[in-house]
Every structure is written in C-alpha cells, then in structure tokens.
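Here's the structure, in structure tokens; my notes come after.
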Amino acid sequence: MKRALLIVSVFILCACSTSLEQIDSFQRDFNSHAEGWLNLVGLLTLISGWLVTMVSWLRKHFEFRSASNSDVKGKRPILPFITINGKSLFRQFTWNKARATADTIAKELLDANTAKGYDPTLIVGIGRGGAVYGSLISYRLGERPILALDRTYHHDENGRETKYMYPFRIPKAYLKRVLLVAGESHTKKTLKIFTDKLYEMGAGEIKNCVFYKQLLPEDQMSSDVEIHYYGISRKSDYLMPWQTEQSLHPSENKEDAEVQNRIIRSFVTDVENDFGYEDSGFYCMRHAETEANKKDIFIGSRSNIPLTNDGLKQAQDVGRYFKSIGVTFDVIYHSPMFRCYQTASEISAIAGGQLVEDKRLLELDYGDWEGLPRTDIVSKYPDDYHRYCTDMSFAPTGSTECANDVSVRITDFLNDLKTSDNITSMGKTALVVTHKTAGRILLRKAGHNSDGHFREIPFDNAAIGYVSIKSNKTIVILDNKRC
C-alpha cells in the first residue's frame, strides 16, 4: 500500500512538473507574440486616427462636386485627374467657418474701445453671398436694418462689366454708417461699384466686409477699395458654404449673361424699373397710446383725449430712435387733436422739427359711435358696423363723414407734400403725425396695398412708416415699424 502511494505521488509530481514547464513555456511564447500584437494594434490605431483627422480636415475644406464645365463655372478642381463617380474634389468653406468668422466680426464691431469698433445704421449685402453673411453678422449685432442688393453682368468689347442690378433708394437717415458686406472679394470691383453708389446717395461713412478675401497680385486688382473686415484670406479660389451647383450660374460669356439679364428684366415693367430713388419723401406715424386705444374704444375727431403715461414714453422712444439714426426734422405736420399734438411735441423736443397743425390729418368722425367700445358697437349696430368695415362710402351712425371723405382730404394733403419745398428738396426731412384710419388711408394712397382694402394695412400706436416721392409718384418703403 505504501509502495502504491509512493508511485502515485511520484507520477503526480512528474505530471505537475511537466505542466508547470509547459505553462511557463506557453507564457513566454504568449508574451513574445503579445508584444508584437500590441505594437500592431497601436499602429492600426495611429493610422485610423490619422485617417479620421485627414478626412475631417478634408470635409472642412473640400467637397466632391460634378466636374463638368457647366456645373461649377470658373472653379477648378484641386485634383482634376482624380474623380469618383464623375465628381472631383473642390475647395469649399464650411458653414461652421462662416458662423465663427461672423461672430468674430460682430464682436469687433461692438467693441467701441478699439479701432475696429463700428455701429452701423444699415447693413447692405451684395448679392446672395453678401445677404447671407450680412445676416449672420446682423443676428449677432441685434436689430439692424439690413438690405440685400444684387449685381448683374454686361459684356462689351472690353469684357465683362459688373453693374448693380436695379435702381434703389435708401432713406438718408439709414446711410449715416453703412456696413457693406460681400460673400467674397477677388478684384474688389463690385465693392467699388456699390461703394460709389452709396456715397452718391449721401452715405456718411462706409466700411467694407467680406467673408473670403482672396489675395491676388496688385496688377489683378480693379479697385483700391479698402476691406475693413474679413473672415478668411487665402490665395486659392474657394467655393462659399452657400454655393451649390445650382447657384453657380455661368456669367463669364456674353450669351450666358444676356440670358440672365432677360430673366431679370422680365420681373418688372419698364416703368417700375426706371423708378428713381432720390432722397425725397417723408416719415409718417400714428399717434402714441391713449386710454381709449387700450380699451378698443372708438375715438375720432370729437374727443380730445390725452396720451397715457406709456403713450408719452412711446413718443419719446420714437424721438430717440430718430436721433439715434441721425434724423433731424425740419417740420412735423400733425392733426389738431391733442393726442397727435402731444406725440409731435415729444418727438420735436428730441429730434427737432417745427410743429405745423393741419386739419386734413383729422381722424374720421365716428358720430354716435364716439366713445363706445367696439363690442358695444357690434352689438348695437351690427348691420351698420358691417357696412362700415366693407364700404368706404358708408358713414358711421350719426356721422356725416365716410372713409371716402377722409380719403379726399388726405389726397389733398399728400398732393401738397409732393410739391412742398420741405419734402422735395434734398436734405429736408418731414414727419406726419395722424390717426389710425387717416394714416392707413394715407399709406394706401401712397401705394401700399393699393389693390386691397386700407383696413388691411397695419398701423399701430407710435408705429412709423416712410413714403418716398419721385416725379410726383409715391411708394411706401417702410411701414408699421415699432421703435
């Protein structure tokens, strides 16, 4: 028995000794191979990271586009000999880049303590790119008037000529400090055209801004216009983030340009396209808030009620608004009613202007409806109220005046303004303070919603509009703006 146990023990010991040796050998083999595998995994990870970084960088700067000549006119692929499914690699900036640079430029504009500080009274975007980039900047500046203008191309023996697309006018007050924005700038020729036009219209100061400033040799520059703000500058030609194959219409040759010009001219008649926009016209507004306005009570030309405290503040805000955009009035015409006189007086104290009372600006006489809430009128005079809302020849119950009568005196007043030295002379500025019905009729006579009903025109308390006058014709270019 003891001998058997000894044999078994020796066998187990030998077996264990063999297993330990095998395990030790396996571990040595594993360690030697594992080091190689770890090195391989590390190398693959490094390559993957490099590939991801490269792809990310390519996506930020380049895009595959159809390489046919008709798709991307004038834009050359960076590697034209490499195509994937008929597409080549083009340089293109990203929206993130556009947003980031717009944010940087806005911060520079808002910093009044540096030479870059500039508080524009108007942002003008040239073409679609300038409109887009100007809007990105405008959102970061807060509320700023913004206008999008475009250019067109004409060809003669000297090659392609760029012109602004259509006549336009801008109220002089907004021209005090202009930020002129383009999507991209190569020769600066287009910037020069719009800069000259804005100065011709009376702009006080203009600063130019572009998203992409291409660095070209001096002999390729068509203008020495200074670019004060830019997002990116490079030597190469890039596509903008907002450019698609559809938006890159050809314009290099005469035939293509003529096709585009015919399309543009088809939008408007010759008369509309020839409308001159000289600096003549007037501002108009509805008086500030009264207690009756708050309660929707009909108050016409019989009740001489005052403004509320909020109404006085509204009128003062309007005055401060005009002062902030550089408007100083020569004359303020107002209805004889006390609420209009108060509004005009508050504005005059801040933005100037001789007060001139004019009875033609009076509100409609509401007769028996005077002093009644609208709900009571609808309940007590349902048929008359319906006719009042739809028929301009119907006078309110107990009144001898209808909307057509108001239109006659407003037309007479408007005709006087068209020939007044205070209006048609350059540099003169006028304000008209009137009422809701009279004001909406004035705007309609000036061309606003001429095919619709005057009651469809919004005209809130202390809201302002601007009526342009040229060659005895009028056009409304600003309405119901709240200050």
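Miscellaneous remarks
- Any hit, the range 88-103, residues being touching a helix residue (DSSP H, G or I) at 6+ places or on another chain (Cβ under 6 Å), of a type in the set (Val, Ile, Thr), open to solvent by less than 30 Å² (accessible area, probe 1.4 Å) and touching a residue at least 60 places away in the same chain (Cβ under 8 Å): no
- The residue pairs whose first member lies in the range 439-458 and is farther than 16 Å from Asp391 by Cα, whose second member is hydrophobic (A, V, I, L, M, F, W, C) and open to solvent by 50 Å² or more (accessible area, probe 1.4 Å), and whose beta carbons are closer than 8 Å, counting only pairs six or more residues apart or on different chains, are Ala446/Ile475; Gly447/Ile475.
- Subset of the range 95-111 (residues that are among the aliphatic types (A, V, I, L, M) and over 16 Å from Arg144 (Cβ atoms)): Ala98, Ala100
- Which numbered condition Phe454 fails, given (1) modelled with pLDDT of 90 or more; (2) surrounded by 20 or more Cβ atoms within 10 Å (Cβ to Cβ): (1)
- Listed by position, the helices (runs of 4 or more DSSP H) contained in the range 277-386 that have at least 1 residues being under 21 Å from Leu414 (Cβ atoms) and open to solvent by less than 40 Å² (accessible area, probe 1.4 Å) are 338-351.
- Within the range 188-198, being touching a residue at least 24 places away in the same chain (Cβ under 8 Å) and either surrounded by fewer than 15 Cβ atoms within 10 Å (Cβ to Cβ) or at negative phi (or both) holds for Lys189, Thr190, Leu191, Lys192, Ile193, Phe194, Thr195, Lys197, Leu198.
- Selection count where residues are open to solvent by less than 40 Å² (accessible area, probe 1.4 Å), modelled with pLDDT of 85 or more and farther than 28 Å from Ile464 by Cα, scope the range 158-187: 3
- Among (1) open to solvent by 70 Å² or more (accessible area, probe 1.4 Å); (2) at pLDDT 90 or above; (3) in a loop (DSSP other than H, G, I, E, B), the one test that Ile227 misses: (1)
- Residues (among the polar types (S, T, N, Q) and surrounded by 14 or more Cβ atoms within 10 Å (Cβ to Cβ)) located in the range 213-224: Gln214, Ser222, Ser223
- The single condition among (1) touching a residue at least 40 places away in the same chain (Cβ under 8 Å); (2) under 35 Å from the mean Cα position of the chain (by Cα) that Val406 does not satisfy is (2).
- When residues in the range 116-140 are screened for being surrounded by fewer than 18 Cβ atoms within 10 Å (Cβ to Cβ) and more than 16 Å from Lys176 (Cα to Cα), 5 of them pass.
- Checked against (1) of a type in the set (A, V, I, L, M); (2) touching an Asp or Glu at 6+ places or on another chain (Cβ under 6 Å); (3) modelled with pLDDT of 90 or more; (4) open to solvent by 30 Å² or more (accessible area, probe 1.4 Å), Met426 passes all but condition (3).
- Selection from the range 199-209 of residues that are of a type in the set (A, V, I, L, M) and surrounded by 19 or more Cβ atoms within 10 Å (Cβ to Cβ): Ala203, Ile206
- Lys473 meets the stated requirement of being open to solvent by 60 Å² or more (accessible area, probe 1.4 Å) and touching a residue at least 60 places away in the same chain (Cβ under 8 Å).
- Some residue of the range 235-255 being closer than 30 Å to Thr114 by Cα, at pLDDT 90 or above, in a loop (DSSP other than H, G, I, E, B) and among the charged types (D, E, K, R): no
- Within the range 454-483, the residues that satisfy the criterion of being in a loop (DSSP other than H, G, I, E, B) and in contact with a helix residue (DSSP H, G or I) (Cβ under 8 Å, 6 or more places away or on another chain) are Ile457, Phe459, Asn461, Ala462, Asn472, Cys483.
The values are calculated or read from the model by the stated rules, or taken from the named source; none is laboratory data. As the structure is a prediction and not an experimental result, all values here were calculated from the model. Using ideal geometry, Cβ is built from the backbone for each residue, glycine included, and neighbour counts are taken over all protein chains shown. To get the accessible areas, we keep the full protein, side chains included, count just its heavy atoms, and leave off ligands, DNA and RNA. Shrake-Rupley method; radii C 1.70, N 1.55, O 1.52, S 1.80 Å.
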